[in-house]
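Inspection log for the structure reproduced underneath, given as structure tokens.
The values are calculated or read from the model by the stated rules, or taken from the named source; none is laboratory data. Being a predicted model, the structure only gives us computed values, none of them experimental. For neighbour counting, all protein chains shown are included, and Cβ atoms are generated from backbone atoms with ideal geometry for every residue, glycine included. Just the protein is used for accessible areas: all its heavy atoms, side chains included, with ligands, DNA and RNA removed. Shrake-Rupley method; radii C 1.70, N 1.55, O 1.52, S 1.80 Å.
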Amino acid sequence: MARIISIANQKGGVGKTTTAINLGASLAAAEKTVLIIDLDPQANATSGLGVDPDDNEYSSYDVLIGECDTKTAVVTSELDFLDVLPAHRDLAGAEVELVQAEDRAVRLKRALDGFENKYDFIIIDCPPSLGMLTLNALCAADAVIVPLQCEYYALEGLTRLLETIGMLRNDLNSNLVIDGIVLTMYDKRNNLSRQVEKEVRENFDGHVFKTIIPRNVKLSESPSFGKPAILYDVRSPGSQQYLKFAQEYLAIQ
Ligand SMILES: Nc1ncnc2c1ncn2[C@@H]1O[C@H](COP(=O)(O)OP(=O)(O)OP(=O)(O)O)[C@@H](O)[C@H]1O
Ligand SMILES: [Mg+2]
């Protein structure tokens, strides 16, 4: 059975997509079969994995509105063990189009029914909001990983995210667990990064991954080449820490 993981934080630009791509690629490098679902109309995970968002017959939008099944919309990536369910900017309309549907929050969950045994891990890249798309991701997921940028206001919004997850656990998805918080864009020369780390570890004791993702230019360059960092520069600190993060993650399974 696949473990379905949502990478969520309604704060923008905290490293959700970078984590989805590079955790996914690192698990694939460990010969785990991985599907990355791009559930963000920005389609950054799609293009970052070398798939042109305008080049696919079907996308996550079609899957959500019931236009096609998941299998039909999945495409392969440059990595053997890694597939992608691409996003298209049409997905922005799904929020509105699904508003009337009674089953609007469980569309993705339904679409993944019977699909779970095809992969070891299904990783969902969420948009920066707590709207219908993120709700679908959290309803479909077994677990959440929360990337947290080591900057001012890092903790802003975290309480609301945790409340939302708590609500879902009482209602639509009683199985949902928080696997943990992963600190991203860490700069060891910067006092602020160390302060944020200390604060987060104090407040969320036991729920913060040991592995820290450094601020690293290779991580920000690789998407423009349509590659995960390990295919762009495997020796870079960014690649190495995501590989380490995947090992830490596998060890807790
Ligand atoms: N560890 C890192 N080091 C350097 N740059 C990074 C790192 N992580 C992410 N970035 C860069 O920061 C920006 C935001 O990262 P990313 O797109 O992963 O965040 P996001 O949470 O998915 O954003 P959004 O909320 O818009 O979806 C991107 O330009 C990305 O390349
Ligand atoms: Mg993103």
Next item on the list: Kindly provide the set of residues from the range 202-226 that are within 15 Å of ligand 1 (Cβ to nearest atom), in a loop (DSSP other than H, G, I, E, B) and open to solvent by less than 60 Å² (accessible area, probe 1.4 Å), ordered by number.
Entry: Phe209, Thr211, Ile212, Ile213, Asn216, Gly226
Next item on the list: Being within 14 Å of ligand 1 (Cβ to nearest atom), open to solvent by 10 Å² or more (accessible area, probe 1.4 Å), at pLDDT 95 or above and not in a loop (DSSP other than H, G, I, E, B) narrows it down to one of Thr18, Thr46, so name that one.
Entry: Thr18
Notebook entry, point to check: Say we look at the range 28-43 and pick out the residues that are open to solvent by 30 Å² or more (accessible area, probe 1.4 Å) and more than 16 Å from ligand 2 (Cβ to nearest atom); which of these is nearest to Leu231 (Cα to Cα)?
Noted result: Ala29
Checklist line | Single match in Glu151, Glu199, Glu156 (criterion: in a helix (DSSP H, G or I), over 27 Å from Ala28 (Cα atoms) and at pLDDT below 95) | finding: Glu199
Next item on the list: Answer yes or no: is there a residue in the range 52-68 that is within 25 Å of Ser220 (Cα to Cα) and in contact (Cβ under 8 Å) with a residue 60 or more places away in the chain.
Entry: no
Notebook entry, point to check: Since Glu102 meets every condition but one in (1) outside any helix (DSSP H, G or I); (2) in contact (Cβ under 8 Å) with a residue 40 or more places away in the chain; (3) open to solvent by 10 Å² or more (accessible area, probe 1.4 Å), which condition does it not meet?
Noted result: (2)
Check: If a residue has to be out of contact with any Asp or Glu (no Cβ under 9 Å at 6 or more places or on another chain) and within 16 Å of Ala101 (Cβ to Cβ) to count, how many in the range 46-66 make the cut?
Finding: 1
Check: Which numbered condition trips up Val144, out of (1) open to solvent by less than 40 Å² (accessible area, probe 1.4 Å); (2) away from ligand 1 (no atom under 16 Å from the Cβ)?
Finding: (2)
Next item on the list: Can you run down the residue pairs with Cβ atoms below 8 Å, 6 or more apart or on separate chains, where the first is in the range 1-21 and more than 12 Å from ligand 2 (Cβ to nearest atom) and the partner is of a type in the set (A, V, I, L, M) and in a helix (DSSP H, G or I)?
Entry: Ile4/Ala140; Ser6/Ala137; Ser6/Leu138; Ser6/Ala140
Checklist line | Unique match (being surrounded by fewer than 15 Cβ atoms within 10 Å (Cβ to Cβ), assigned to a helix (DSSP H, G or I) and not aliphatic (A, V, I, L, M)) among Gln240, Gln247 | finding: Gln247
Item checked: In the range 110-145, the residues that are on the phi < 0 side of the Ramachandran plot and without any contact (Cβ under 8 Å) to a residue 40 or more places away in the chain -> Arg110, Asp113, Gly131, Met132, Leu135, Cys139
